[in-house]
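Heads up, the thing below is written out as C-alpha cells.
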Amino acid sequence: MDKGQNQPADLAGLQVDGLSTRSLPAENEASAVLGPPAVPNFETKIGADENGTNGVYDAVPAPIVENEMVVLPEDDDKEKHVGGFLGGFVWLVVNWPVVLLILVPLLAFIIMGSVGIPPYPAFIEGNRARNSLGAQQFDAYTAARDDWLEADSGTRPAGSLFADVGSEENQEFPPFTQETFSQSINIWFESTSGTILSDENVASQLRILNGFQEIVGKFCMRKSATTEECHPPASIFQATNTDTSAGLISSLNAANDVQKDRWKNYLGAKVNYDSGSGSWTKARLRIGGPLPGFKNVTHDADEQSKIYEAEYKGPGFTGLPTRDGWIRKMNDFVDEEAKTNPDLKVRYASGPMIGPVFFSALLADALLSIGALFAVGIIIWVQVGSVLLSVAAMFEIVISFVLALSTWRLVGNESFTFIQVLVIFIILGIGADDVFVFMDAWKQSRAQKKSISGSLRTRLQWTWARAFSAMLVTTSTTIGALCLTSIIDVPSIATFGTFAAIVVFWNFFFCVVWFPNVVIVHDMYMVRGCNDGCCARRVCGCCCQVCAKNWGLEEEGGQPADRAGSKEDMRALERFFKYTLHDFITNNTYRYILFGVFGVIALIGVSLAATQVNLTDKSLTESFLKESSDIQQMFNLLLGNSQAFQATSDGRKRAGHVSYGINQKNPIDRTGTYALGEGDQIGVPVFREGADLNSELFQNHLVETCDKIRTLSSVALRVADKTPESICFMSDFKTYRNAMGLPFPTAPTTLVSDLNSWRGDRCTLPGCYKNQAGTGVANTDRNYDRNTGFLTDGDKITFAFVSGNLSIPFLEQELSVIEPEYDEWRALGEEQNKDGFEPFAITDRTDWIMLMHTLINGVVSGVPIAISVALLVLVVATGNFWVSLFATFTIIGVMASFFITFVATKGKLGYYECMFLQITVGMSVDYVVHLAHSYNVSPRHTNAEKMQDSLGEMGISVFSGAITTLAASGLLFGCQFNVFFQYGSFIFFVILWSIIWAMLFFPALMIQFGPNGRSGDIPPIRYLHRVMCMGMEEGHEAPKAGHPVQVVPPDSVNVVSVKEADNA
C-alpha cells in the first residue's frame, strides 16, 4: 500500500524530532490505516486530552506512525483563558469575589423581603382527590349537605368549647338536666394481662378516676345550679352502680341485651360478660360550665375557652405542658399508680389536650430534624476540610428553601403545607452532593497540567465548566422527575414535587453562581495563608500541614504542588474508587458475579412489587404517627378509630347516599377555591336547572328510592327488629301523612310548608320527626338530619338526599371489602336515573376510594413516565444513546430493589408511601447520572479506562453525597410522626440502593457493554453540545507545520480511517 499520498492537510509537513511524516492513500479511505496492521484501531475523539478538560471539544488530530511510534501534538503549558460568559464570570469571581459573595445573598434577601413567604395553614389540606367525577360528586354532596345542616340547626359561637344553650348574656346558669358541656376527658384503661375487671385493676381505675376528679376541681360538671357537688365520671362503675370486681361481674352476668348494647360504650370489644375477662374499659370525666365569674356558657365564650385550655397546659409561653397544668398532674398521678399496678395502662385525651401533646411530640421530632441538619454540616466539613465552606454550603441549602417559598408565593400560591417542609431533607442530600462535585473538581484542578493549575482563574474556569455540566445533568433529571408529581390529582402531592423542583433549581443556582466566590475567598485569604501564621487553622479545623495537604499545597510558601495527579498524591477514597474498586470490577469473574447478583435482586424486587404490595387500610388520622406511639393510640381511641371498642348498634356507622338536584356530570364549581388553603375549600355545588323536586312524581320517585335502599345487601339491620337502617325523610313524611289522614303526595306548591310543619309537629304518631317521648324518627337516629334532608329556594326544593347505614364496620378501609359496597350504591343511582331526575349515589368512603385509586394510578403511570423523562434528559445531556440507556437500566434496578426493603418493612401503599414513590426516581438518578456523564466525556479510549476516569473523578463525590443523605435520613427513624419516619426510611433505602447500583452494577455494565469512540453518539445533539459549550473549556488545536510533537508508544492508541479523521 502506497503511503505517500493524500495526507490530511492539517498533518502535512510535520517535523517529529527529525522524523518526517507520511501521507495516507487516497483510495479506499474508509478502511485506510495508519501504520502497520498490528496497531489497533484508533478512533478520532470529540473530547479532551487525558489530563485535561471534560466536555465536547475540537477534534483530536489523527496520530502519525513512524518506525512503529505514534506521534501526537505536545501539550502546551501556556495558560489559556476562555471568553464569552464563562470567561467574564470567572474574571469577575477571581477579581471581585467578596462583592459577589455579599451581593447575591443580598439580592435574595431583597426578593424574600419584598415578596414574603406564604403563611402556614392551620390545618393539613389538599390530601384528597379533586378532579375525578367520583371525587367531584362526593365534594358537591358534602357541600350541599353541610349547607342543609347549617340552615337547619345554625352554628355554635365561634371558639366556644361549650354547647349552645342560649345566646343572651344575661341568661342564668341552666338546670343540670341540660347539657352544659361539650368537652370531656376520655380515659381508657388497658390490662396487659387481659384481666381488666380484677380486684386490683378495678381499685386502680377507681383511684385514677377520683384523682382526676380532684385535679379538675371547680371545672367539673355540677349536679345542679345550686350545688358544688360534681357528677361522677361516666363509667361502667356508674352504669352498674357498683365499685367491686365481684359486683361488676354479677351485673354483667345479669345484663339484658339492651344493657349490654349500652354498656359497649364503657367495655372493650372483647370483654366476656360471663367471666368479666377482657382488656379494655373506658370512662368519661365531664366538664361543666359556666366557669366561675361568667353568667352562662355563652357569656364571653372565647375567654372561657382560653381559661379552660390553659388549665390543661398550665402557665408558660412555650406551648408545652407545665408542672401546674392538668396534663402534667395527671401524668404524675398515672405514673405513681403504675408503680403499684404495672398491669394497668392508662391513656386519656380531650380536645384541648391535643395541642400541647401534639406540640410536645412535634418538638421532639423537630430536634431530630435539626440534628440531621447538623449531621450534614459536619459531614460536609469533614469532606471539604473547612468550617467556612461547610457553613456556606448549609447556608445555600437553607436559603434555597426559603427563596423557593418566596417563589412559591410569587407564582400565586396562598400558603404552603406541612408536607412541603419535608423538601428540606431532599435538598440536604442534593445540595451536599453538588458541593462535593464542585469541591472535588476544585481540588483535582491542582493536579492538572500547568495550563489549568497555573492560576486561580484557569483552575476556576476548568472546575466550573466540569462541575456545571455534571450538576446540570443531575439537576435536570431530578427536576424533571419531581415536576411529574404535578399530574397527580392530589393537590398536596402535586405541589410537593413542584415545590421541591423549585428548591432544587435555586440550590443549583447558588452552587454555580455564589458558592465559587466562597471557594475563591477561602483559597485567597485562608488556604494560601496557611504558612503565614497559619490563619487557616480556625477555618480548616486542622493543623497547617493537614490543611496544606488537603488543599494540595506545598508545606512552604503555600504554592500549588505539581503533583500531576499521581496515585500517591490522591486522597484515599479517590485511590480506592479509581484503582481498587475499578480493578475489582474489571476482573471478569467478579463482574459476572455482579451481573448475577444484581439480576437476582432486580427479579426479586419486581416479583415482590407485583405480588406483595397492597393498598393500606389506614386513614391519614390513623397513620399520622407510628402505630406504636402512645399519642397515635390516644388519637385512635379519641376519634373512634381503635378496634378496642365497637360502635353500638346505632353508633358510628358509615352511610350510603343518593343525591338529587346536583348536576350529575358537572357537580361542583371550584372557582375561587384554593386546595391548600386553610379550611376545607371544596367549592360550591352546581344545581340542575329545570329539575322539579316538588312534583308529585318526584315525591313518589324518592319513596321508591328509599324502598330500594332497604333491599341493598350493604345496608345494616337494626338490632331490635332486624329492619334495614334506611334514613329517608320522604318515606317518614309519607308515613306521618298517612297516620294523620292526610293525602300523599302533597301538592307541589305546599310541599315545603308541609315538610316544615311535619318537622315542627311534636306528635307521637308513626313517622313523627321528633318529640319529647323520644319516639320520633330523629330521636331514634341521632344522625338523622345528617343523612337525610333537603335545601330550598323559597318554596322550591333544590336539593334532596336520602341514605342508608352500611353494614361494613366503621373502621374498615380495605378496598377489596369496601369497593363492592360502593359499586352497589352507584348501580342504584344509575337504576334510579329516570323520570328526568338524574341522581347519583356515593358512600362515606367514596373520597377514600377515589384517593386510593388516584394514588395507585399515579404510581403505576408516574414512575414509568419519570423513568422515561430521565432517559430523555440523559440522552439530551450526554448525546449518547447507549450511555443513557445503561444509566436508565440502573435506575430501574434501583426502583426494583427498593421494593425488597419496602415489602420487608411495611408492604402497604398509603398516602405517604404513594407520595414518596412519586419522587423516588428523582432521588435515585443523581449518582448514576454523575458517573454516566463523567464516563461520556472521558477522553480515554477503552471502556475500562473511561470507567476508571469516571470512578476516579466522581466516585468520591457521589459516595460523600450518599453518606450525607443516609446520615440525615437515618436520624428520622427515631421520629414519632409517621410522615417523618416514612420519609426518612424512603430516602434512606432509595439512596442506599442507588449508591450500591451506581458504584457496582453500572461500572460493570459499562465495562462490559459500554460504548467507546462514537458508538451510540447522536450527531445532532453532539453538534448542539459543541455549539453551546464553545469556549467554555480549553480544547485541542490542530498542529501547524513545525509544531513540536511528542512520541508515544503505538499500543496506547488506535488506528483511524482518513474519512473518520476528516469527519472529526
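Suppose the filter is in contact with a Gly (Cβ under 7 Å, 6 or more places away or on another chain), polar (S, T, N, Q), over 30 Å from Glu838 (Cβ atoms) and at pLDDT 75 or above; does Gln612 pass it?
Numbers: in contact with a Gly (Cβ under 7 Å, 6 or more places away or on another chain): yes; polar (S, T, N, Q): yes; over 30 Å from Glu838 (Cβ atoms): yes; at pLDDT 75 or above: yes.
Answer is yes for this residue.
Of the residues that sit in segment 396-406 and are buried (at least 19 other Cβ atoms within 10 Å of the Cβ) and of a type in the set (Val, Ile, Thr), which one is nearest to Ala432 (Cα to Cα)? Within segment 396-406, the match that is nearest to Ala432 (Cα to Cα) is Ile397.
I'd like to check something: does segment 655-662 contain any residue that is of a type in the set (S, T, N, Q) and at pLDDT 70 or above? Yes: segment 655-662 contains one or more residues that are of a type in the set (S, T, N, Q) and at pLDDT 70 or above. Set side by side, the residues Phe468, Phe510 differ, and just one is modelled with pLDDT of 90 or more and either in a helix (DSSP H, G or I) or open to solvent by 10 Å² or more (accessible area, probe 1.4 Å) (or both), which is Phe510. Scanning segment 263-294 for residues that are within 30 Å of Glu309 (Cα to Cα), in a loop (DSSP other than H, G, I, E, B) and not small (Gly, Ala, Ser) turns up Lys264, Asn265, Tyr266, Pro290, Leu291, Pro292, Phe294.
From the list Thr711, Thr673, pick out the single residue that is exposed (fewer than 15 other Cβ atoms within 10 Å of the Cβ) and β-branched (Val, Ile, Thr).
Details: Thr673 fails: exposed (fewer than 15 other Cβ atoms within 10 Å of the Cβ).
None of the other options fit; the residue is Thr711.
Looking at Ser803, is it crowded, with 22+ Cβ neighbours inside 10 Å, polar (S, T, N, Q) and assigned by the TED database to the domain that holds Phe729? It is true that Ser803 is crowded, with 22+ Cβ neighbours inside 10 Å, polar (S, T, N, Q) and assigned by the TED database to the domain that holds Phe729. Scanning segment 898-908 for any residue that is outside the structural domain of Ile493 (by the TED database), farther than 19 Å from Leu992 by Cβ and either open to solvent by 10 Å² or more (accessible area, probe 1.4 Å) or free of Cβ contacts under 8 Å to residues at least 24 places away in the same chain (or both) turns up at least one such residue.
When Ser861 is tested against (1) more than 23 Å from Thr485 (Cα to Cα); (2) open to solvent by 20 Å² or more (accessible area, probe 1.4 Å), only condition (1) is not met.
Let's see how each residue does on (1) part of a helix (DSSP H, G or I); (2) at pLDDT below 85; (3) in the same structural domain as Ser350 (by the TED database):
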residue	(1), (2), (3)
Trp188	no, no, yes
Gln205	yes, no, yes
Thr226	no, yes, yes
Asn253	yes, yes, yes
Val258	yes, yes, yes
Asp261	yes, yes, yes
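Phe436 meets the conditions (1) in a helix (DSSP H, G or I); (2) within 28 Å of Pro491 (Cβ to Cβ); (3) among the aromatic types (Phe, Trp, Tyr) in every case but one. The failed one is (2).
Kindly evaluate Ala481 against the criterion of being closer than 16 Å to Val925 by Cα and at pLDDT 90 or above. Against the criterion (closer than 16 Å to Val925 by Cα and at pLDDT 90 or above), Ala481 does not qualify. Applying the condition of being farther than 17 Å from Asn943 by Cα and of a type in the set (Ser, Thr, Tyr) to segment 864-889 and asking which residue is surrounded by the fewest Cβ atoms within 10 Å (Cβ to Cβ) yields Ser868.
The combined condition, being part of a helix (DSSP H, G or I) and over 30 Å from Val527 (Cβ atoms), is fulfilled by Leu363.
Quick grid of which residues meet (1) open to solvent by 20 Å² or more (accessible area, probe 1.4 Å); (2) at pLDDT 80 or above:
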site	(1), (2)
Thr318	yes, no
Asn341	no, yes
Val382	yes, yes
Leu388	yes, yes
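All conditions in (1) crowded, with 21+ Cβ neighbours inside 10 Å; (2) part of a helix (DSSP H, G or I) hold for Phe837, with the sole exception of (2).
Would segment 678-691 turn up any residue that is of a type in the set (Asp, Glu), open to solvent by 60 Å² or more (accessible area, probe 1.4 Å) and under 29 Å from the mean Cα position of the chain (by Cα)? Yes, segment 678-691 has at least one match.
Before we move on, is Asp489 touching a residue at least 40 places away in the same chain (Cβ under 8 Å), farther than 30 Å from Leu971 by Cα and in the same structural domain as Val518 (by the TED database)? Criteria met by Asp489.
The values are calculated or read from the model by the stated rules, or taken from the named source; none is laboratory data. All of these numbers come straight from a predicted model, not from anything done at the bench. Counting neighbours? That spans all protein chains shown, and the Cβs are built from the backbone with ideal geometry, glycine included. Only protein heavy atoms, including side chains, enter the accessible area calculation; ligands, DNA and RNA are left aside. Shrake-Rupley method; radii C 1.70, N 1.55, O 1.52, S 1.80 Å.
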